[in-house]
Amino acid sequence: MAKTGTTTQGLRAAIERSGYYPALVAEAVEAAVGGEPIVSYLVHQETTFDANEVRRHVTVLVLTGTRFIVSHTDEQAADSSSPTPYATTSTESVKIGRISSVVVSRVVANPEKYQPGTLPREVLLTIGWGAVSRIDLEPAACGDSNCEADHGYTGSSTADDLSLRVSEAGDGPETVRQTLAFAQALSEATAATQR
């Protein structure tokens with residue numbers, strides 16, 4: 001379930017509609033936002049299956065005039081460290097100018113019949129600001145198939161701070177639309193800081 005909008009009241013209502021520990025999530029997000037006006041937000045609740053457990057978590061993305069705020073809340077079952085179930089909530093506030101990439105990957109069915117404006121069946125939103133990078137390395141080689149020399153390694157480094165996947169089948173078409181709207185607002189905000 002994802003909700004998007006532009007007001008503090010709308011953000012609070014979207015968090016409450018998600019039904020996922022709304023008082024806890026709203027307090028953490030509102031503390032991070034402070035008094036700044038909200039430009040856009042996205043609330044995404046996801047349920048995953050881990051072995052024999054059903055686990056829920058919610059991610060709240062907020063764009064203000066100066067910052068990108070990400071909040072994530074997970075629930076945990078009772079374990080050896082806690083006799084009762086518990087939840088962990090974290091928020092991170094990033095200056096808009098630090099965002100280095102906003103990647104929107106779209107999956108469309110029957111691309112030969114694609115019509116502009118048709119919603120993709122799946123969207124993967126990846127946002128990078130330099131806190132987490134993924135390095136993919138592989139042995140380097142030359143063009144000689146018989147060469148046994150060590151040519152070192154080659155690879156790439158990718159900013160991979162946040163990835164959020166939504167699909168029409170799992171989350172509904174409105175969630176896909178809202179994710180694209182938030183991604184566009186964030187892209188526009190990062191472009192404005194580079195002028």
Which one is modelled with the highest pLDDT, of the residues in the stretch 148-195 that are under 13 Å from the mean Cα position of the chain (by Cα) and of a type in the set (D, E, K, R)?
165
Residues of the stretch 14-23 satisfying the condition of being crowded, with 16+ Cβ neighbours inside 10 Å and assigned to a helix (DSSP H, G or I)
14, 15, 18, 22
Just give me the residues in the stretch 29-38 being surrounded by fewer than 20 Cβ atoms within 10 Å (Cβ to Cβ) and under 18 Å from the mean Cα position of the chain (by Cα), in sequence order.
32, 38
Tell me which residues, restricted to the stretch 91-146, are more than 17 Å from residue 167 (Cα to Cα), part of a strand (DSSP E or B) and open to solvent by less than 80 Å² (accessible area, probe 1.4 Å).
91, 92, 93, 94, 101, 102, 127, 128, 133, 136
Select from the stretch 50-69 the residues that are within 24 Å of residue 19 (Cβ to Cβ) and under 13 Å from the mean Cα position of the chain (by Cα) and list them in ascending order.
57, 58, 59, 60, 61, 62, 63, 69
Restricting attention to the stretch 56-81, which residues are farther than 21 Å from residue 161 by Cβ and open to solvent by 60 Å² or more (accessible area, probe 1.4 Å)?
56, 79, 80, 81
Residue check: is residue 45 in contact with a strand residue (DSSP E or B) (Cβ under 8 Å, 6 or more places away or on another chain) and open to solvent by 20 Å² or more (accessible area, probe 1.4 Å)?
yes
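The values are calculated or read from the model by the stated rules, or taken from the named source; none is laboratory data. Note that the structure is predicted; figures quoted are calculated from it, not measured. Positions of Cβ are backbone-derived with ideal geometry, glycine not excepted, and every protein chain shown enters the neighbour counts. When the accessible area is computed, the model is the full protein with side chains, heavy atoms only, and any ligands, DNA or RNA have been set aside. Shrake-Rupley method; radii C 1.70, N 1.55, O 1.52, S 1.80 Å.
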